[in-house]
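Asks: Take this structure, written in structure tokens, and hold onto it; I'll ask about it next.
Any read-out appearing in this document is the output of simple, stated calculations on the displayed coordinates, not a laboratory observation. Keep in mind the model is a prediction, meaning the values are calculated, not measured. Because the Cβ atoms are built from the backbone with ideal geometry, glycine has one as well, and the counts that use them run over all protein chains shown.
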Amino acid sequence: MDRKYELVYIVSPEGNEDQVADLHTQIETIVQDLDGKIDKTENLGRRKLAYEIGPHKEGTYVIETIFGSGELLKEIERRLKVNDLVIRYLAVRIDEEELVIGRARENRLATSRRRRTARGLSPDRQPGEGQHGENGESPPEKPVETEERS
């Protein structure tokens, strides 16, 4: 079963851009070999660490979104653990969070529709209805009156 994971790893400041690209290529190869898919890769560049990790005060942050199995992630973590360039890594399953958010959104919408129907309104909001104006714009602000001093 394919799941969605977010992998973040920090590369040592001694590592140059070529080594970071090579590390990404290694991860890409693992993902392809184990029938996964990399959805997105974002190199955030060199940044200061929140706290020192050994002698390191900064590192290159890379975030990757991966679709794959648990076995795929185990293999990636195993490889990152033995790589000397990687200071820290963290892999998190994010598809479950998206499901929870989707369910909460559906529940809110169902509750809103039920309340609107009970008040005699149509279940869905109509354009221009609600806190904003006709075009979704905020209502014009009232001018502030100030006292004149002599």
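Asks: Of the conditions (1) loosely packed, with under 15 Cβ neighbours inside 10 Å; (2) over 24 Å from the mean Cα position of the chain (by Cα), Val92 fails just one. Which one is it?
Replies: Unmet for Val92, out of (1) loosely packed, with under 15 Cβ neighbours inside 10 Å; (2) over 24 Å from the mean Cα position of the chain (by Cα): (2).
Asks: So, one more: From the list Asn43, Asn83, pick out the single residue that is surrounded by 12 or more Cβ atoms within 10 Å (Cβ to Cβ), among the polar types (S, T, N, Q), under 29 Å from Pro13 (Cα atoms) and more than 19 Å from the chain's Cα centre (by Cα).
Replies: When all the criteria are applied, what remains is Asn83.
Asks: Any idea which residue in the stretch 12-40 is surrounded by the most Cβ atoms within 10 Å (Cβ to Cβ), counting only those that are touching a Ser or Thr at 6+ places or on another chain (Cβ under 8 Å) and within 19 Å of Leu73 (Cβ to Cβ)?
Replies: Gly36
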